[in-house]
Amino acid sequence: MSNASKRQILVVDDNPGVRESLAMLLVSAGYDVAVAEDGFAALSQLRKTVPDVIVSDLEMPRMSGFELLSVVRRRFPQILSVAMSGAYLADGLPPGVIADGFYAKGGQPKNLFRAIEQLILSAPARNSAHRRERAPAWVPRNGNDSSGIPYVMVTCEECLRVFQLAVIEEKTGQVVEVPCRFCPTTNEYIIQPSAQASEACA
């Protein structure tokens, strides 16, 4: 990986052991590495410097990796991304995750290195595709209302007002079009499945 040192990687994970272990492995492979403990910390890092690749855990408190990767795709389409989780064992991306690759936690580090290398090689084509693709917001569940109906809080991308939306039907990983209650804008969202929401808070 002769060109690895020219590439910057941001590792995002709420587990300090995982975060630091991955950072050390990537540094030893020649990458420049920064770390963040959750989605909010990662976005703060992006104000200072924009990495080539983000490697993010999916299940984190405060802001999950689902939300972070969605925000990154909309605001920083040039950044490549690898989602990681111990909850999914398949090599493919979990439904609805807006990322370029996936790494199963506990897998061989070489699998992560290979995923990053492949993304970097395909960066020009992926960057162009990112700008054309839609990147719906990822909305976490907020619980149940007084009638026991699950709901989420939605922020309109145009007027930035927040409104409550009942979740009548489970649509795991599917894009949902939601009209704003305050302006004519129709927003696109992916609503976080309840099982993943409970894991994220665990």
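The values are calculated or read from the model by the stated rules, or taken from the named source; none is laboratory data. Computed from a predicted model, the values in this text were never measured in an experiment. No Cβ is skipped: glycine too gets one built from the backbone with ideal geometry, and neighbour counts run over all protein chains shown.
Just checking, how many residues over the stretch 88-124 are within 16 Å of the chain's Cα centre (by Cα) and more than 21 Å from L25 (Cβ to Cβ)?
7
Which one of R7, R62 is touching a Gly at 6+ places or on another chain (Cβ under 8 Å) and of a type in the set (K, R)? Don't jump to the end; show me each part of the working.
On the way: R7 fails: touching a Gly at 6+ places or on another chain (Cβ under 8 Å).
Residue meeting the stated conditions: R62.
Please list, ordered by residue number, the strands (runs of 3 or more DSSP E) wholly in the stretch 92-202 having 2 or more residues that are at pLDDT 85 or above and closer than 19 Å to V53 by Cβ. Quick ask: steps written out before the conclusion?
Details: elements: 101-104, 137-139, 141-144, 150-155, 162-166, 175-179, 186-191.
So the answer is 101-104.
Does S28 fit the bill of being out of contact with any Ser or Thr (no Cβ under 7 Å at 6 or more places or on another chain) and either within 20 Å of W138 (Cα to Cα) or crowded, with 20+ Cβ neighbours inside 10 Å (or both)?
Working: out of contact with any Ser or Thr (no Cβ under 7 Å at 6 or more places or on another chain): yes; either within 20 Å of W138 (Cα to Cα) or crowded, with 20+ Cβ neighbours inside 10 Å (or both): no.
Considered against the rule, which asks whether it is out of contact with any Ser or Thr (no Cβ under 7 Å at 6 or more places or on another chain) and either within 20 Å of W138 (Cα to Cα) or crowded, with 20+ Cβ neighbours inside 10 Å (or both), S28 comes out as no.
Of the residues I120, I98, which is more than 23 Å from S64 (Cα to Cα), touching a Lys or Arg at 6+ places or on another chain (Cβ under 9 Å), in the same structural domain as A29 (by TED's automatic domain parsing) and of a type in the set (A, V, I, L, M)? Steps first, please.
On the way: I98 fails: more than 23 Å from S64 (Cα to Cα).
Just one listed residue meets the conditions, I120.
For the stretch 91-110, enumerate the residues that are in contact (Cβ under 8 Å) with a residue 24 or more places away in the chain and among the small types (G, A, S).
Scanning the stretch 91-110 gives G96, A99.
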